[in-house]
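Each remark here refers to the structure printed beneath this line.
The values are calculated or read from the model by the stated rules, or taken from the named source; none is laboratory data. This is a predicted model, so every value here is computed, not measured. FYI the Cβ positions are ideal-geometry reconstructions off the backbone, even for glycines, and counts take in every protein chain you see.
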Amino acid sequence: MKVIILNEEIELKDPVLPLGRPTLGSAGETGDWRTYRPKFIEENCIKCYKCWLSCPEGTIRVDAHGEYPYIDYVYCKGCGVCVHVCPGRKKQKALEMTPE
Amino acid sequence: MVQSLEKPQIKLMTGAEAVATAAKLSRPQVIAAYPITPQTKIVETLSGMVTRGEIDTEYINVESEHSAMGAVIGASLAGTRTFTATSSHGLLYMGELVWWAGMTRIPVVMPVVNRSLNPWNIWPDHQDAMAFRDAGWIQFYAKNNQEVLDLTICAFKIAEHHKIWMPVMVCLDGFILSHTSAQVEIPPQTKVDDFLPPFKPLAMLDPDDPFAHGSLTDSKGIWEQRMSLIDGFNNACILIPQILTEYTEKIGRLGNYMIEVTGDIKGAECAIIALGTMGEEAEQAIELLSEKNIKAVVFRPRVFRPFPKKELISLIRQVPRLLVIDRAVSFGNAGQLAIEIQAELYAHEVSVEFHQIIKGLGGMDVNYADIAAEVEKILKEE
């Protein structure tokens with residue numbers, strides 16, 4: 001929209017509204033918040049997917065054909081919930097926290 | 001209330017009733033408000049109108065002012081025209097969400113019936129609204145019940161203009177306006193409908209196209225928002241007079257000025273600047289002064305945010321001295337109106353004799369004789 005004031009044409013800008021649409025990593029690359037990294041140990045994994053179910057940020061993915069879980073370290077904040085819920089095999093957890 | 005469709009109706013009503021009538025004529029779809037003295041009569045009148053079926057509005061009974069603003073923010077985002085009203089402590093309690101509405105651009109209209117703050121005092125001063133001067137709201141200060149009605153209707157059009165899109169406060173002095181009856185001309189509904197078309201949302205919450213409003217934002221996002229708000233106020237500076245002109249043409253009376261000038265500016269020895277009812281009192285003061293052969297003029301800004309800088313400076317250049325009367329204080333400095341005018345004087349290198357006083361805090365009476373005496377005192381001192 002343009003208005004003319006004292007022979008001067010002024011362009012009126014549109015307001016910017018604080019609208020957020022669902023997107024990957026809308027709060028930025030949160031992986032750099034991490035001080036401990038959940039490390040995956042494949043031989044202890046029983047594919048129960050409790051880690052995938054429990055991850056508060058949805059950074060654990062499971063491949064389509066019932067494969068092992070995969071952690072997206074770009075967004076994983078290192079909260080450790082996945083390690084806590086992991087039942088493991090013969091009391092050996094498939095996830096453990098290791099310093100970055 | 002039976003109202004003819006075409007001719008304006010003249011009624012004796014209080015400022016609070018004028019607000020309620022203006023709200024009714026503007027057809028808000030959602031009203032949520034909590035009663036507080038001296039705003040109570042607004043809520044009372046509106047809820048009566050809703051109960052009697054005089055307006056088609058969703059009236060939400062809320063448990064606090066905080067909830068009232070929360071409800072209207074939600075309702076506005078759902079695509080409805082919204083209205084609330086408050087005063088003093090209610091405004092402070094609403095505080096967090098007042099800023100929310102301002103910073104995230106919610107076009108709600110809220111009359112604020114000015115009342116003093118702590119300790120307990122129910123009488124008028126501008127301290128409550130001034131506390132929210134910087135909250136991203138447009139602020140009007142009305143001088144009489146008629147202006148209260150006219151500005152409230154205009155406020156909806158201003159808030160909802162797609163190049164402005166921000167909340168509007170219409171400030172009226174508690175009791176002096178809110179509880180004092182005066183003659184008010186009520187425009188017919190057809191004319192108001194012609195001036196104020198139905199609400200057109202800029203963005204509307206929609207389950208089929210989901211988005212979050214005001215969610216976590218990084219510094220870049222905040223910067224973008226704040227700069228846009230500055231642009232919005234610049235737009236408002238240009239568009240408010242246009243909208244007031246449209247109101248005056250379609251409905252009448254109001255005038256399109258940001259600052260009302262009363263008296264003869266030529267040869268005036270002193271200009272009195274004051275907001276709201278003190279501005280109207282000053283109009284009486286200049287008559288009293290003219291009997292004593294003192295020429296004075298009144299500049300009454302009726303828009304305080306955006307601050308009408310250009311208009312003010314062009315007026316101030318024509319007078320030799322100023323008397324700014326504030327009804328609120330920015331503690332540690334001076335009255336808000338005085339501070340802002342001084343800033344403009346410096347920015348535009350205007351040399352004028354500047355006087356400021358604070359008057360009428362906590363509802364202390366300020367009548368035209370007091371104002372005239374202040375002007376005389378200034379002139380005598382020289």
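Restricting to the stretch B:244-261, what's the tally of residues that are in a helix (DSSP H, G or I) and either out of contact with any helix residue (DSSP H, G or I) (no Cβ under 7 Å at 6 or more places or on another chain) or within 12 Å of another protein chain (Cβ to nearest Cβ) (or both)? Can you show your working first?
Step one: list which residues in the stretch B:244-261 are in a helix (DSSP H, G or I), which gives B:244-250.
Going one step further and asking which of them are either out of contact with any helix residue (DSSP H, G or I) (no Cβ under 7 Å at 6 or more places or on another chain) or within 12 Å of another protein chain (Cβ to nearest Cβ) (or both), we end up with B:245, B:248-249.
The qualifying residues number 3.
Looking at B:Ile272, is it assigned to a strand (DSSP E or B), over 27 Å from B:Glu160 (Cβ atoms), touching a residue at least 12 places away in the same chain (Cβ under 8 Å) and β-branched (Val, Ile, Thr)? If you could, list the steps in order and put the result at the bottom.
Details: assigned to a strand (DSSP E or B): yes; over 27 Å from B:Glu160 (Cβ atoms): yes; touching a residue at least 12 places away in the same chain (Cβ under 8 Å): yes; β-branched (Val, Ile, Thr): yes.
Yes; evaluated as a whole, the condition is true for this residue.
Are any residues in the stretch B:5-25 out of contact with any Lys or Arg (no Cβ under 6 Å at 6 or more places or on another chain) and of a type in the set (Gly, Ala, Ser), and if so, which ones?
B:Gly15, B:Ala18, B:Ala20, B:Ala22, B:Ala23
When you look at B:Leu337, is it in contact with a Cys (Cβ under 7 Å, 6 or more places away or on another chain) and at pLDDT 95 or above, yes or no?
The answer is no for B:Leu337.
When the stretch B:211-222 is examined, which residues are found to be without any contact (Cβ under 8 Å) to a residue 60 or more places away in the chain, surrounded by 10 or more Cβ atoms within 10 Å (Cβ to Cβ) and of a type outside the set (Phe, Trp, Tyr)? Reasoning before the result, please.
First, the residues of the stretch B:211-222 that are without any contact (Cβ under 8 Å) to a residue 60 or more places away in the chain: B:211-212, B:215-222.
Now drop any that are not surrounded by 10 or more Cβ atoms within 10 Å (Cβ to Cβ), which leaves B:211-212, B:215-218, B:221-222.
B:Ala212, B:Ser215, B:Leu216, B:Thr217, B:Asp218, B:Gly221, B:Ile222, listed by residue number.
Find the residue count for the stretch A:12-45, including only residues that are surrounded by fewer than 14 Cβ atoms within 10 Å (Cβ to Cβ) and more than 10 Å from every other protein chain (Cβ to nearest Cβ).
10
Do the conditions hold for B:Val43, that is, is it buried (at least 18 other Cβ atoms within 10 Å of the Cβ), out of contact with any helix residue (DSSP H, G or I) (no Cβ under 8 Å at 6 or more places or on another chain) and not in a loop (DSSP other than H, G, I, E, B)? Talk me through it step by step, then tell me what you get.
Working: buried (at least 18 other Cβ atoms within 10 Å of the Cβ): yes; out of contact with any helix residue (DSSP H, G or I) (no Cβ under 8 Å at 6 or more places or on another chain): yes; not in a loop (DSSP other than H, G, I, E, B): yes.
Answer is yes for this residue.
Looking only at the stretch B:208-231, which residues are at the interface with chain A (Cβ under 7 Å from one of its Cβ atoms), assigned to a helix (DSSP H, G or I) and under 22 Å from B:Gly79 (Cα atoms)?
Listed by number, the residues that qualify are B:Gln225, B:Ser228.
Here is a list: B:Pro28, B:Pro38. Which entry is modelled with pLDDT under 95, buried (at least 24 other Cβ atoms within 10 Å of the Cβ) and of a type outside the set (Lys, Arg)?
Just one listed residue meets the conditions, B:Pro38.
So which helices (runs of 4 or more DSSP H) are wholly in the stretch B:85-199 and hold at least 1 residues that are within 14 Å of another protein chain (Cβ to nearest Cβ), farther than 27 Å from B:Ile251 by Cβ and at pLDDT 95 or above?
So the answer is B:88-103.
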